[in-house]
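Q: The structure is given below, and queries will be raised subsequently.
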Amino acid sequence: MKFLHIENSKSDIAQFNKYVEEGKHVFVLIFMVGCVPCSQTIPKWKHIETVLKKQYANNDNVVIADINKDMSSFIKHIGEIEGYPTMKYLCNKGSKVETYEESKIPVKDRSTDSFIKWIETKIDRAIAYKQPQRTRRRMRGGSIILGGRKRGGSIILGGKNSKKGGSIILGGRKRGGSIILGGKTRRNRGNK
């Protein structure tokens with residue numbers, strides 16, 4: 001998730017327009033300095049970043065922006081701005097534009113929660129954000145086996161070597177019959 005706070009930078013507006021034209025899901029607040037409703041809305045809009053940043057950290061397809069109205073003439077695909085503040089959602093390379101007021105969320109009270117509900121109703125349907133992929137890899141003297149068995153019926157779900165031959169074993173048995181939960185082993189010496 002990307003966040004843009006644009007006061008008077010044409011290069012930031014160019015970046016904003018680029019995101020729209022790339023087909024990203026763009027949510028924008030257009031505000032006017034000195035406008036009382038804008039002054040009440042801006043802190044709630046900016047709080048979206050604090051709330052959603054970690055949850056959607058791997059999702060580069062969503063952009064949240066706030067733009068000073070003085071820069072609005074440089075925004076492509078925005079359509080009409082009838083008053084301030086104006087909140088809009090742009091997608092499909094700018095061919096689809098929806099205002100916050102037109103959205104189907106039940107409560108439109110310009111709170112951070114209602115903005116988040118609006119955003120999530122759009123991105124949950126449209127985007128499956130990138131999940132980290134599990135990989136198999138061999139480590140010095142040991143291995144990571146996802147859902148597999150290794151000598152004596154152990155299940156090794158993830159591991160890290162401390163010395164040659166070591167691994168983390170979660171909920172399994174390894175040669176000597178010991179069960180290791182989240183610990184590191186050196187060499188398995190068996191039962192003595």
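Values quoted throughout were computed directly from the atomic coordinates according to the rules given, and no laboratory measurement underlies them. Because the structure is a prediction, the values reported are computed rather than measured. Glycine also receives a Cβ, built like all others from the backbone with ideal geometry; neighbour counts cover every protein chain displayed.
Q: By its C-alpha gyration tensor, with a ≥ b ≥ c as the square roots of the eigenvalues, how is region 10-75 shaped: rounded for a/c under 1.5, else prolate for a/b larger than b/c, else oblate?
A: On the way: a/c = 2.95, a/b = 1.16, b/c = 2.54.
Because a/c hits 1.5 or more and a/b fails to exceed b/c, region 10-75 counts as oblate.
Q: Would any residue of region 63-77 have its amide N under 14 Å from a label point 7 Å out along Cα→Cβ of Gln15? List them or say none.
A: Only 63-67 fall inside the zone, counting backbone N under 14 Å.
Q: Modelling each spin label as a point 7 Å along the Cα-to-Cβ direction, I'd like the Glu22/Ser111 distance in nm, to one decimal.
A: It is 3.4 nm.
Q: Working from the alpha-carbon coordinates of region 2-126, get Rg over Rh, Rh being the Kirkwood radius.
A: We get a ratio of 0.92 for region 2-126.
Q: While we're looking at this one, here's another question. Which of the peptides 63-69, 19-25, 46-52 is most tightly packed, and how do the rest follow, judged by the mean count of other Cβ atoms within 10 Å per residue?
A: Packing proxy ranking, top to bottom: 63-69, 19-25, 46-52.
Q: Another question, if that's okay. Would you kindly state how much longer the chain becomes between Glu102 and Glu120 on full extension, computed as 0.36 nm times their sequence separation minus their alpha carbon distance, in nm to one decimal?
A: Values: separation 18, 0.36 × 18 = 6.48 nm, distance 1.53 nm.
Residue separation times 0.36 nm, minus the Cα-Cα distance, leaves 4.9 nm.
Q: Past 20 Å, Cα to Cα: identify those pairs from Lys46/Lys76; Lys88/Lys108; Lys46/Lys108; Lys88/Lys122; Lys53/Lys76; Lys18/Lys44, in the order given.
A: Violating the 20 Å Cα-Cα cut-off are Lys46/Lys76; Lys53/Lys76; Lys18/Lys44.
Q: Starting from the Cα-Cα distance between Gln55 and Cys35, subtract it from 0.36 nm times their residue separation and give me the gain in nm to one decimal.
A: Between Gln55 and Cys35, full extension yields 4.0 nm more.
Q: Now for a separate question. Extension gain Lys46-Glu82, at 0.36 nm per residue separation less the Cα-Cα distance, in nm? Walk me through the numbers before you get to the answer.
A: On the way: separation 36, 0.36 × 36 = 12.96 nm, distance 2.18 nm.
Separation in residues times 0.36 nm, less the Cα-Cα distance, equals 10.8 nm.
Q: Treat the count of other C-beta atoms within 10 Å as a stand-in for reagent exposure and order Thr86, Thr121 from fewest to most.
A: Neighbour counts put them in this order, fewest first: Thr121, Thr86.
Q: If you don't mind, another one. Tell me which residues come under 5 Å, amide H to amide H, from Lys2 once H is placed; ignore anything under 5 positions away on its chain.
A: Those qualifying (amide H under 5 Å, at least 5 residues apart or on another chain) are Val62, Val63, Ile64.
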